[in-house]
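The values are calculated or read from the model by the stated rules, or taken from the named source; none is laboratory data. Owing to the predicted nature of the structure, the values given are computational and were not obtained by experimental measurement. Here the Cβ positions follow ideal geometry from the backbone for every residue, glycine too, while neighbour counts run over all protein chains shown. What goes into the accessible areas is simple: the full protein's heavy atoms, side chains included, and nothing from ligands, DNA or RNA. Shrake-Rupley method; radii C 1.70, N 1.55, O 1.52, S 1.80 Å.
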Amino acid sequence: EDLPALYSGADLFAYPSIYEGFGLPPLEAMACGTPVVVSDRASLPEVVGNAGIKVDPFDVDAIAAAMAAVLLEPALARAYSEAGLRRASRFSWHECAVRTLTVYEDVLREAGRL
């Protein structure tokens with residue numbers, strides 16, 4: 001329950017993860033209006049789209065440069081904040097549940113059990 005306040009109070013959320021199943025933390029940060037810098041690996045590019053800066057997680061200079069750009073350029077930070085809010089609004093738990101149910105139904109149908 002503390003995460004929304006922490007995300008909202010941050011100037012930036014950096015998440016240079018090497019592997020992610022989905023990428024919920026950057027999505028949560030974007031939903032709070034916090035600009036994100038994420039890895040260009042796994043699911044993160046798909047989750048973040050153009051609403052955040054994507055970097056090679058093994059390139060420390062690229063990570064630092066992306067973070068500096070957001071922190072030192074208020075217009076850029078504002079643009080990513082607004083884009084993140086728009087992008088995050090496309091995701092919902094209801095939609096996740098509907099899509100998950102569809103996958104289960106498809107599997108059961110293929111197995112002849114539905």
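Extending 7 Å from the Cα toward the beta-carbon at both Val60 and His94 defines two label points whose distance is 4.7 nm.
Legend: translational diffusion of the chain by Stokes-Einstein, Rh = Kirkwood radius over C-alpha pairs, 10 °C, 1.306 mPa s; D = 105 µm²/s.
Using the Cβ of Ser17 as centre and a radius below 15 Å, the other residues enclosed give a net charge of -4, where K and R count +1 and D and E count -1. A full extension of the chain between Thr102 and Ala79 corresponds to an added length of 4.8 nm, given 0.36 nm per residue minus the alpha carbon distance.
Report the relative contact order of the chain, percent, no decimals, based on alpha-carbon pairs under 8 angstrom and at least 6 residues apart. Could the numbers behind the result be given before it?
Details: 159 pairs, mean separation 26.8, N = 114.
With pairs under 8 Å counted, the relative contact order is 24 percent.
Taking the Cα centre of the chain as origin and assigning +1 to Lys and Arg Cβ atoms and -1 to Asp and Glu Cβ atoms, the resulting dipole is close to 340 debye.
Loop-located GluC sites (Glu not before Pro) in the stretch 1-66 (DSSP state not H, G, I, E or B) with no more than 16 neighbouring Cβ atoms inside 10 Å: Glu1.
For the chain, the solvent-accessible area of protein heavy atoms averages 64 Å² per residue (probe radius 1.4 Å; ligands and nucleic acids excluded). In this label model, Arg86 and Ala5 are separated by 3.2 nm, measuring between points 7 Å along each Cα→Cβ vector.
Each other residue within a Cβ distance under 15 Å of Ala75 adds +1 if Lys or Arg and -1 if Asp or Glu, for a net charge of -2.
Within the accessible surface of the chain, defined with a 1.4 Å probe on protein heavy atoms only, the carbon and sulfur portion equals 58 percent.
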